[in-house]
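The values are calculated or read from the model by the stated rules, or taken from the named source; none is laboratory data. Computed from a prediction, not measured in an experiment: that's the story for all the values here. So basically every Cβ, Gly included, is an ideal-geometry build from the backbone, and we count neighbours across all protein chains shown. Quick note on the areas: whole protein, heavy atoms, side chains included, nothing else; ligands and nucleic acids left out. Shrake-Rupley method; radii C 1.70, N 1.55, O 1.52, S 1.80 Å.
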Amino acid sequence: MEQEIITEIIYMVLTTFLFVVFAIPYIRKIAIHVGAMDVPNKRKIHKKPMPRLGGLGIFFGFLLGYMIFGTHSAIMNSILISSFIVIIVGVIDDINPVKANVKFVGQLIAASIIVFYGNIILKDISAFGIYIDFGIFAIPLTIFFILGCINCMNLIDGMDGLAAGISVIYFLTIGIIAVIQQKFGLDFVLTFVMLGSTLGFLVHNFYPASIFMGDSGSMFLGLIISVIALLGFKNVTMTSIIIPLLLLMIPISDTLFAILRRLLKGESISKPDKFHIHHQLLNRNFSQRTTVIIIYVINLLFSLASILYILKDRQLGYIVYAVLFVIVTLFILKTNVVVDQEVMKRRFRSKFLKRQEKKKKSFQGRQK
């Protein structure tokens, strides 16, 4: 039985990996032909126009994997339809950028199909001896979770190999946990099919990249990541609730900090900027390659802690989690991820000088 599972995993990963590796160069030519190019500007890191649409390669690998290894079901139909919607919206945006609210409508429709047609809903949670039934909030909470994952991956996709690498680590970890727990359902197939497809794309996307995944890829990855997590939620345990979120700690925290940062500045939360976590690492004179590897290592440590937890060494898992949280928190406090430290220093200095000037005038007035 174990040998059969290992063989199936190898086939799923290798088939989709090789397909995407060989498909991407053709997709790159198509992207250049249709003008799906990411042109550099002051906010972006790359210095020359880069073809997008790399997400199509991941999507086609996913479709091939499903046709060979998947089984037909209403749930799978909902995943396919939703995936097609986010891919279409993403491709249109990659060729000719559309407004944020238009993309949001497409994401909302895709999430609604997963919930109402696929009936994939986070209805309740049981962990730490506490049971929570979400009741009437189950559907909006599930839709919010899907939209959150889609936009987390969309926002973190700012450097060569970053979003793809984080996704690879996620799929690999969830796959290992599925094997350890002997869970071989739909999420098992999706996980390893996506692992092979994303790895195949990463061959062409790791620094220096020859193609970007574009919104078509980042939104599709976010959608599938959310679906795999929700399928795991059906067995409402600590593992299925917390681990997927911890594996996405970097994109989730980066998204939350971006929203907070823009609200504090009085800006729209969809306004792009150069204060994301990867930008802060670049500002410390790390190269693009080193920056991405640092984020990979942090994600791998979260992955290691999750696997340790599953293997019943919970105490060690908690220790690794705690250390990582401290590291991330210290990094946030010492950088401009939430607020611009230099601006805050200038404001503080200005207020201090004004107070001193006011005190000086008050003192001189009393002397007179």
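Residues in region 107-141 that are of a type in the set (V, I, T), in a helix (DSSP H, G or I) and touching a residue at least 12 places away in the same chain (Cβ under 8 Å): I109, I113, I114, V115, I139.
Every residue, every condition in (1) modelled with pLDDT of 90 or more; (2) under 24 Å from M37 (Cβ atoms), yes or no:
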position	(1), (2)
L63	yes, no
I92	yes, yes
A110	yes, no
G118	yes, no
G129	no, no
A138	no, no
I150	yes, yes
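Only one of the numbered conditions (1) part of a helix (DSSP H, G or I); (2) polar (S, T, N, Q); (3) at pLDDT 85 or above is violated by N154, and that is (3). A single member of G135, G232, G222 is more than 27 Å from I294 (Cβ to Cβ) and touching a Pro at 6+ places or on another chain (Cβ under 9 Å), and it is G232. Search region 1-29 for residues being within 14 Å of L53 (Cα to Cα) and free of Cβ contacts under 8 Å to residues at least 24 places away in the same chain, and hand back the single one that is least open to solvent (accessible area, probe 1.4 Å). Checked region 1-29; the qualifying residue least open to solvent (accessible area, probe 1.4 Å) is K29. For beta carbons closer than 7 Å, sequence separation of 6+ or different chains, a first residue in region 196-225 that is closer than 13 Å to Y170 by Cα and a second that is surrounded by fewer than 24 Cβ atoms within 10 Å (Cβ to Cβ) and among the hydrophobic types (A, V, I, L, M, F, W, C), the qualifying pairs are G196/V13; G196/L14; G196/F17; T198/V168; L199/F17; L199/V168.
Go through region 191-216 residue by residue and tally those that are β-branched (V, I, T) and open to solvent by 10 Å² or more (accessible area, probe 1.4 Å). The total comes to 1. Test D187 against the stated conditions and say whether it is in contact (Cβ under 8 Å) with a residue 12 or more places away in the chain and under 16 Å from the mean Cα position of the chain (by Cα). It is false that D187 is in contact (Cβ under 8 Å) with a residue 12 or more places away in the chain and under 16 Å from the mean Cα position of the chain (by Cα). Does V115 fit the bill of being buried (at least 17 other Cβ atoms within 10 Å of the Cβ) and out of contact with any Cys (no Cβ under 9 Å at 6 or more places or on another chain)? Yes. Within region 286-298, is there a residue that is open to solvent by 20 Å² or more (accessible area, probe 1.4 Å), aromatic (F, W, Y) and at pLDDT 80 or above? There is at least one residue in region 286-298 that is open to solvent by 20 Å² or more (accessible area, probe 1.4 Å), aromatic (F, W, Y) and at pLDDT 80 or above. Within region 43-97, the only residue that satisfies the criterion of being assigned to a helix (DSSP H, G or I), open to solvent by 10 Å² or more (accessible area, probe 1.4 Å) and small (G, A, S) is A74. In the condition set (1) open to solvent by less than 10 Å² (accessible area, probe 1.4 Å); (2) touching a residue at least 60 places away in the same chain (Cβ under 8 Å); (3) under 24 Å from L301 (Cβ atoms), I150 is compliant with all but (3). Comparison of F144, F104 shows that the only residue that is without any contact (Cβ under 8 Å) to a residue 60 or more places away in the chain, over 14 Å from the mean Cα position of the chain (by Cα), closer than 30 Å to P40 by Cβ and assigned to a helix (DSSP H, G or I) is F104.
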